[in-house]
Amino acid sequence: MAPDGYLAVGRILGAHGLLGEVKVESHTDFDARFSPGKQLLIGNELTPVEIESSRPHKGIFLIQLSDVADRGSAEELYGEWLYIPEEAAMELDAGSYWVHDIVGLTAQTEKGRRLGEVVDVLFTGANEVYIIRPAAGVNRDKDILIPALAEVVRAVDIEAGTLTVRLQPGLLDEAVE
């Protein structure tokens, strides 16, 4: 979970080469976040770092960070998250939401039946999938996978803390109401 007031934009997957480059999995729709000269914050300590160089490579980014000059230093960053302050976030289109706004919402049906809590978001090629940790007795206590499609996700109310869904056949391991 990102520290309060910050957004995760990437995760370091490991070292690349001998000169301190890191492999970064992007968690942003704005690839310009990884442009040379941009500032990021590493880990829960929010250590500031500047991007010296960056290039896309096989679905990830290879990034040279300031103060990371060798493979050993890069390997120490394995698994660390890269953050930006919330106020540096880009403006989203209407109907789009930040992952941190979706995680924690209470999922419910259009009829008001509580399904559970959104605990994570999977990024697939076609669309996102919301992972719902079920309320007691729902879906035989197995996680519910809800595709983030307009015909399934009917309403998102951040202020009320709810995600309203129209259940499609096969989404639950039980009869749909």
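Laid out as a table, the results:
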| read-out | value |
| --- | --- |
| Complete set of residues in the stretch 72-87 that are farther than 16 Å from S26 by Cβ and surrounded by fewer than 17 Cβ atoms within 10 Å (Cβ to Cβ) | G72, S73, E75, E76, Y78, P85, E86, E87 |
| Options A32, A15, A94; residue that is of a type outside the set (D, E) and touching a residue at least 40 places away in the same chain (Cβ under 8 Å) | A15 |
| Hits in the stretch 82-104 (condition: within 23 Å of R11 (Cβ to Cβ) and more than 12 Å from the chain's Cα centre (by Cα)) | I84, P85, E86, E87, A88, A89, M90, L92, S96, G104 |
| Inter-residue pairs, beta-carbon under 6 Å, first under 16 Å from R11 (Cα atoms) and assigned by TED's automatic domain parsing to the domain that holds V24 and in the stretch 60-74, second among the basic types (K, R) and surrounded by fewer than 17 Cβ atoms within 10 Å (Cβ to Cβ), 6+ apart | L62/R55 |
| Flag if I84 is without any contact (Cβ under 8 Å) to a residue 40 or more places away in the chain, in a strand (DSSP E or B) and hydrophobic (A, V, I, L, M, F, W, C) | no |
| Qualifying residue in the stretch 100-114 (condition: under 30 Å from R154 (Cα atoms), free of Cβ contacts under 8 Å to residues at least 12 places away in the same chain and assigned to a loop (DSSP other than H, G, I, E, B)) | yes |
| Residue within the stretch 139-154 that is in contact with a strand residue (DSSP E or B) (Cβ under 8 Å, 6 or more places away or on another chain), within 29 Å of A88 (Cβ to Cβ), of a type outside the set (A, V, I, L, M, F, W, C) and surrounded by 13 or more Cβ atoms within 10 Å (Cβ to Cβ) present | no |
| Output for the stretch 160-177, where each listed residue is modelled with pLDDT of 90 or more and either closer than 13 Å to V103 by Cα or acidic (D, E) (or both) | G161, T162, L163 |
| Some residue of the stretch 41-54 being at pLDDT 95 or above, acidic (D, E), outside the structural domain of V119 (by TED's automatic domain parsing) and over 17 Å from the mean Cα position of the chain (by Cα) | yes |
| Which listed residue, of A126, A88, is of a type in the set (A, V, I, L, M) and farther than 30 Å from L19 by Cα | A126 |
| Subset of the stretch 13-61 that is of a type in the set (V, I, T) and part of a strand (DSSP E or B) - its residue that is surrounded by the fewest Cβ atoms within 10 Å (Cβ to Cβ) | T47 |
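A quick yes/no check of all residues on (1) over 30 Å from F30 (Cβ atoms); (2) touching a helix residue (DSSP H, G or I) at 6+ places or on another chain (Cβ under 9 Å):
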position	(1), (2)
Y97	no, no
G112	yes, no
V118	no, yes
P134	yes, yes
G137	yes, no
E151	no, no
T164	no, no
Q168	yes, no
L171	yes, yes
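The values are calculated or read from the model by the stated rules, or taken from the named source; none is laboratory data. This is a predicted model, so every value here is computed, not measured. Don't worry about glycine lacking a Cβ; one is built from the backbone with ideal geometry, like all the others, and counts go over all protein chains shown.
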